[in-house]
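The next block holds one structure in the form of structure tokens; read it before the comments.
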Amino acid sequence: MAILEVENVHTYYGNIHALKGISLTVNEGENVTLIGANGAGKSTLLKTISGLLHPKQGMIRLAGEDLAAYQAHEIVGKGVVQAPEGRRVFGRLTVSENLEMGAYTRVDRSGIADGIEHVFTLFPRLKERHNQVAGTLSGGEQQMLAIGRALMARPRVLLLDEPSMGLAPILVQSIFETIVQLHAAGTTILLVEQNARMALQIADRGYVLQTGQIILSDTAGNLRQNEMVQKAYLGMA
Amino acid sequence: MRRALERISLIDVFMWIVGGSIIGIVLVGSVATIRSGQYSIRHWSDFLIFGVAQGSVYALIALGYTLVYGILRMINFAHGEVFMSGAYTAFFVADALSKSGFLGQNPLLGLLAVFAVSMATSVTVAVILERVAYRPLRRAPRLVPLITAIGASFFLQYTFRGFYGSGFKSYPEVPVLQGSWVWGGIVSIQRIQVLVIVAAGLLMLALYTYVQRTRAGKAMRAVSEDKDVAALMGINVDAVIVQTFIIGAALAGAAGVLYALMFRQVHFFMGFFPGIKAFTAAVLGGIGNIPGAMLGGLFLGIFESVGPILFLDGLGVPAPYQLKDAIAFTMLVLILIFRPTGILGERLARAKA
Ligand SMILES: Nc1ncnc2c1ncn2[C@@H]1O[C@H](COP(=O)(O)OP(=O)(O)O)[C@@H](O)[C@H]1O
Ligand SMILES: [Mg+2]
């Protein structure tokens, strides 16, 4: 069943037409990846889904409900939760406080405590540093925190914007392993990546975005075999 | 060596000379004043306690500037008028309660009522200000809300002048707050100063606890760091901004009553100097930084109270106390030149729009 549906979405920055009629769907329990070069419009799409940007045209639905009437902070409460590009943890808040902010829409105290424990089992490094201000964490730890923070809201759909960006290869590996783990545990994921090779290895399906338009969509396996994808995104001759 | 010298510009040299001579004057003046023996320990402790009381009021107002700056990177120049609006409105309540004798019989309830009216008025004014004057301009260039704030400041002054008249009104005396305590003939503290210092201290402690410990306080800090990401956490950013104005205004309203009780008069223009001073204090402590505003306020109050006599009396300046504002602003300029970040804070110019 489709949980997230994006239908013919057009988003502008002033006069700049950044998204030119995007349509995609994410089904319950799926791990879908959106790949594309720098500047293709990937972050713009995630911001539009999260309600930070408003489409001039088109519709975004969560489990059938039109999200147009909701503001960004309300959309989180609906269950669409994003870990933004560049991590953007709250540098002057501690690790624990960052996680509490992730749970801002929740009121069940014991559930929140369980959530924090869950994040700490997923990322033991964060537990060691729970009282440290996030600004002093390493890049990899900040990415773990950004993902953990998003998980705290108990997402129905988790949007990840380039979680591997700027990380050393070994950390990229471990972040992708975490995503596989989350997916296996039933989390629905829309993963935005420039690292198409890794993303297509772990995703069920994929979309290819180029200058504001979806130019391809298929199962991840087929996309890996696609000649155009191999040339443009997987660096094969 | 040569290249290092070349990097020092003439202006730098000039500024160092200015700074050096000011420090020289301050040192020579202080030594001369102390050696003249004209002022006893009792005098100095009076100046100091007055400075702490005055500084506590500055600190409360300064927190309003710093909280709003922390969230919106904007100087709310109408904050002095938020302070005035509460104190001035509460005057009528204080006056009525005093005339009916209630303030004499039941000072605690009476004062609480005066504080409540003042804080409620300041909060109302600030919330309207945010909604009408600032929110529509949130995405405008930085200069625009600044001009609006100055306009709002005049608007409020003349509105209150229109409502309440242009004369000074004298705040009633509260019988229990009359008189002072003396220890060993050296330290003497007026009851009203005790009220000011204790009330301000408690309010600041409450604010600090709120910001550090509560969920809403943490959300406030999150919004001050990154509004978009705060929204992605489900935080209603507009509501947090309004809440910030409310807290700043409540503190200003309380400061207004304390100020009026200390100086015993109110006036439509009464917000101007304390407003500017508190802004100075906020910059001094590091704008956007909460402990900085508290420290900056206290420091400025003490500096203003002790400084003029200490620095200038020994130099034969006839009426040093008249120069306290000049001294305060000289200090502001020096701080902006030599330590633009203030004592604890971030750089004023580096702040993003
Ligand atoms: N705030 C903005 N204002 C104007 N143009 C923007 C803004 N953000 C992004 N863009 C433009 O929109 C296009 C898509 O950007 P983005 O969604 O960030 O791409 P991606 O995430 O795929 O790298 C780019 O051409 C970019 O220059
Ligand atoms: Mg991007």
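The values are calculated or read from the model by the stated rules, or taken from the named source; none is laboratory data. Bear in mind that the values here come from a model prediction, so they are computed numbers and not experimental data. Because the Cβ atoms are built from the backbone with ideal geometry, glycine has one as well, and the counts that use them run over all protein chains shown. Please note that ligands, DNA and RNA were not included when accessible areas were found on the heavy atoms of the full protein model with its side chains. Shrake-Rupley method; radii C 1.70, N 1.55, O 1.52, S 1.80 Å.
With a cut-off of at least 3 residues that are surrounded by fewer than 19 Cβ atoms within 10 Å (Cβ to Cβ) and out of contact with any helix residue (DSSP H, G or I) (no Cβ under 6 Å at 6 or more places or on another chain), name the helices (runs of 4 or more DSSP H) lying wholly within segment B:234-326. Give the derivation first.
Details: elements: B:237-263, B:272-285, B:290-307.
Counting at least 3 such residues, we get B:237-263.
Out of all the residues in segment A:18-55, which are more than 14 Å from ligand 1 (Cβ to nearest atom) and over 27 Å from A:Gly221 (Cβ atoms)?
A:Gly51
May I ask you to list the residues in segment A:11-31 that are more than 16 Å from ligand 2 (Cβ to nearest atom), without any contact (Cβ under 8 Å) to a residue 24 or more places away in the chain and either in contact with a Lys or Arg (Cβ under 6 Å, 6 or more places away or on another chain) or part of a strand (DSSP E or B) (or both)?
The one that is more than 16 Å from ligand 2 (Cβ to nearest atom), without any contact (Cβ under 8 Å) to a residue 24 or more places away in the chain and either in contact with a Lys or Arg (Cβ under 6 Å, 6 or more places away or on another chain) or part of a strand (DSSP E or B) (or both): A:Thr25.
I'm trying to understand the selection: among the residues of segment A:66-106, which are in contact (Cβ under 8 Å) with a residue 60 or more places away in the chain and within 16 Å of ligand 2 (Cβ to nearest atom)?
Result: A:Gln82, A:Ala83, A:Pro84, A:Glu85, A:Gly86.
Are any of the residues in segment A:160-168 away from ligand 1 (no atom under 16 Å from the Cβ), touching a residue at least 40 places away in the same chain (Cβ under 8 Å) and open to solvent by less than 10 Å² (accessible area, probe 1.4 Å)?
So in segment A:160-168, the residues away from ligand 1 (no atom under 16 Å from the Cβ) come out as A:167-168.
Pick out the ones that are also touching a residue at least 40 places away in the same chain (Cβ under 8 Å) and you get none.
There is no residue in segment A:160-168 that is away from ligand 1 (no atom under 16 Å from the Cβ), touching a residue at least 40 places away in the same chain (Cβ under 8 Å) and open to solvent by less than 10 Å² (accessible area, probe 1.4 Å).
Of all the residues that make up segment A:174-233, how many are more than 23 Å from A:Gly39 (Cα to Cα) and of a type in the set (Asp, Glu)?
Here the count works out to 2.
Any residue in segment A:33-51 that is within 14 Å of another protein chain (Cβ to nearest Cβ) and more than 19 Å from A:Val81 (Cα to Cα) sitting within a Cβ distance under 7 Å of a residue that is open to solvent by 10 Å² or more (accessible area, probe 1.4 Å) and within 11 Å of ligand 2 (Cβ to nearest atom)? List the pairs, counting only those 6 or more apart or interchain.
Close Cβ pairs (under 7 Å, with a partner that is open to solvent by 10 Å² or more (accessible area, probe 1.4 Å) and within 11 Å of ligand 2 (Cβ to nearest atom)) do not exist here.
Kindly indicate whether any position in segment A:41-62 is open to solvent by 40 Å² or more (accessible area, probe 1.4 Å), of a type outside the set (D, E, K, R) and within 16 Å of ligand 2 (Cβ to nearest atom).
Yes, some residue in segment A:41-62 is open to solvent by 40 Å² or more (accessible area, probe 1.4 Å), of a type outside the set (D, E, K, R) and within 16 Å of ligand 2 (Cβ to nearest atom).
Could you pull out every one of the helices (runs of 4 or more DSSP H) wholly within segment A:63-140 that has 3 or more residues that are open to solvent by less than 60 Å² (accessible area, probe 1.4 Å) and within 10 Å of chain B (Cβ to nearest Cβ)? Give the steps one after another, and end with the answer.
Details: elements: A:72-78, A:95-102, A:109-122, A:124-128.
Answer list for segment A:63-140: A:72-78, A:95-102.
Would it be correct to say that A:Leu145 is out of contact with any Pro (no Cβ under 9 Å at 6 or more places or on another chain), more than 16 Å from ligand 2 (Cβ to nearest atom) and either within 23 Å of A:Thr44 (Cβ to Cβ) or modelled with pLDDT of 95 or more (or both)?
On the way: out of contact with any Pro (no Cβ under 9 Å at 6 or more places or on another chain): yes; more than 16 Å from ligand 2 (Cβ to nearest atom): yes; either within 23 Å of A:Thr44 (Cβ to Cβ) or modelled with pLDDT of 95 or more (or both): yes.
So A:Leu145 fits the description; yes.
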